[in-house]
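Just so it is clear, none of the values below were taken in a lab; they were calculated from the coordinates. In this text the structure is predicted, and so the values were computed from the model without any measurement. Counting neighbours? That spans all protein chains shown, and the Cβs are built from the backbone with ideal geometry, glycine included.
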Amino acid sequence: MLRRYWQDYNLWKRLADTHWIKLEVVVAIAFADTHLWYAVKTKNNIGNVNNTDSWKTRTPTSLEQWIEAIFNTLNNKYLGEKQTVWDLSYAGNCKIRCDKVYATSNENREINILNTLSNIYQVRINADFLFRK
């Protein structure tokens with residue numbers, strides 16, 4: 001999937017291994033947010049990190065820096081305890097620190113992530129999918 005969107009697999013894989021998060025989940029997050037760079041709100045911000053619904057934006061200096069920002073966000077003090085896709089938004093059955101989420105959408109974002117993961121793995125992925133290695 002990364003090749004299809006002209007992304008450097010080795011860069012993404014290295015960052016996934018460094019941060020102990022499944023590569024496929026971060027790819028699914030970036031795809032849900034920006035279609036892997038096709039619909040970015042600000043240049044290089046492939047994960048839409050620190051861009052808000054009130055139009056506060058940040059523009060990164062490099063794509064690598066902002067791919068890593070997705071990993072860092074998933075490991076930060078607010079999300080670092082979370083384990084499953086359903087804990088990343090307000091959709092569904094959040095179990096861990098439900099007042100803190102990666103994205104505030106109620107449903108569509110989780111559906112988009114799960115559909116992307118299902119396409120990558122070629123089996124239906126549910127919201128209880130563990131995203132940490």
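Here the peptides 117-125, 21-29, 88-96 are ranked by packing, the mean other Cβ count within 10 Å, and the order with the highest first is 21-29, 88-96, 117-125. Given their separation in residues at 0.36 nm each and the Cα-Cα distance between them, residue 76 and residue 106 gain 8.6 nm when the chain is fully extended.
Between amide H atoms placed 1.01 Å from N, distances below 5 Å from residue 84 occur with 131, all of them 5 or more places distant or on a separate chain.
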